[in-house]
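The values are calculated or read from the model by the stated rules, or taken from the named source; none is laboratory data. All values derive from a computational prediction rather than experimental measurement. Every residue, glycine as well, gets a Cβ built from its backbone with ideal geometry; the counts of neighbours run over all protein chains shown.
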Amino acid sequence: MTDASRMPDRVRLGAVADLDELCAFIGDCRRCRLAETRTTLVFGVGDPGADLLFIGEAPGKNEDLKGEPFVGAAGRLLDELLGSIGLHRSEVYIANVLKCRPPGNRDPQADEIETCTPFLAEQVRLIDPLVIATLGNFATRYVLGTDAGITRLRGRLFEVDGRRVVPIYHPAAALYSPDKRGVLFDDFRRLATVMQWAREGRPVAPTARLSAGHEDWLEVFADPSGGAERSAGEHEADAGEGAPADQQKLF
Ligand code: SF4
């Protein structure tokens, strides 16, 4: 009989049955350098069967201390945004690209993302959400497999492996740039509509529009690398956008 403890992570991850088992599997993870500086590994929180999964960047100072994602000022804004569409955080699931805090809240590094995201991919498989809302650059780039920035990608609806993906500014962005607060509330209102569509089983159509008045917002791309349809204003070159084909299917 094979000794499971000697199997590569990628093999054992596929055999994990639920989030509790995944959390136990990750354990006191020391697979990257962030283990040296974190206080608490932040696994994720919420309804394990949620239709809506939020993915943020990484734990901050408060999250690192409490072991829960989005508990500081950005978390309070996220709760407010959820409340604006009639949701409580217990009805969704919230996770991050990285499960441990980068020291000083620096950006996640590529090798840290590569090492940690198999756990996130497993969370996505187990939760099996209809819709993923990516909060900020790092989550959006990871899920869509693109180098494009959130400012360019927010306001669009994507589809990755049959899941709707809605890129949204990270709530922390509104703490530093108050002009983004209104954009966030607008995007959450649109997110609610995408949720409704997903629950109704409404197919994602390349020409879908949210409704009159939002023509500038909703375009559906089967190919997040930018190879699919674009609006008239999006044909200009965007240096750095695009992703290798093998990065386009993540889940
Ligand atoms: S960030 Fe991820 S890979 Fe690195 S120690 Fe934490 S859980 Fe492990």
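What to note about this one:
- Looking across segment 84-115, the residues that are of a type in the set (S, T, N, Q), at pLDDT 95 or above and within 20 Å of Y142 (Cα to Cα) come down to N96, Q109, T115.
- Residue pairs meeting the criteria (Cβ under 6 Å; at least 6 apart or on separate chains; first closer than 14 Å to R101 by Cα and assigned to a loop (DSSP other than H, G, I, E, B), in segment 16-32; second within 11 Å of the ligand (Cβ to nearest atom) and of a type in the set (D, E, K, R)): C32/E112
- Qualifying positions in segment 63-78 - in a helix (DSSP H, G or I), crowded, with 16+ Cβ neighbours inside 10 Å and over 16 Å from the mean Cα position of the chain (by Cα): E63, D64, L77
- Here segment 15-27 is the region considered, the condition is being out of contact with any helix residue (DSSP H, G or I) (no Cβ under 8 Å at 6 or more places or on another chain) and not hydrophobic (A, V, I, L, M, F, W, C), and the residue that is nearest to the ligand (Cβ to nearest atom) is G27.
- Residues of segment 85-142 classified as touching a strand residue (DSSP E or B) at 6+ places or on another chain (Cβ under 8 Å), closer than 20 Å to A74 by Cβ, crowded, with 20+ Cβ neighbours inside 10 Å and aliphatic (A, V, I, L, M), total: 9
- Condition broken by S90, with the remaining ones in (1) over 10 Å from the mean Cα position of the chain (by Cα); (2) within 13 Å of the ligand (Cβ to nearest atom); (3) of a type outside the set (V, I, T); (4) under 22 Å from V194 (Cβ atoms) satisfied: (2)
- Residue in segment 48-59 that is surrounded by the fewest Cβ atoms within 10 Å (Cβ to Cβ), counting only those that are within 16 Å of the ligand (Cβ to nearest atom) and touching a residue at least 60 places away in the same chain (Cβ under 8 Å): E57
- Checked against the criterion of being within 16 Å of the ligand (Cβ to nearest atom), of a type in the set (A, V, I, L, M) and either in contact with a helix residue (DSSP H, G or I) (Cβ under 7 Å, 6 or more places away or on another chain) or more than 25 Å from G145 (Cα to Cα) (or both), the candidates A74, A95 yield just one match: A95.
- Residue match in segment 173-183 (condition: under 15 Å from the mean Cα position of the chain (by Cα), within 21 Å of A74 (Cβ to Cβ) and crowded, with 20+ Cβ neighbours inside 10 Å): no
- Selection status of F138, under 24 Å from P59 (Cα atoms) and out of contact with any Ser or Thr (no Cβ under 7 Å at 6 or more places or on another chain): yes
- No other residue among L210, L153 is over 30 Å from L13 (Cα atoms), surrounded by 21 or more Cβ atoms within 10 Å (Cβ to Cβ) and at pLDDT below 95 apart from L153.
- Scanning segment 33-47 for residues that are away from the ligand (no atom under 11 Å from the Cβ) and in a helix (DSSP H, G or I) yields a total of 0.
- Of the residues making up segment 98-112, those that are among the hydrophobic types (A, V, I, L, M, F, W, C) and within 9 Å of the ligand (Cβ to nearest atom) are L98, C100.
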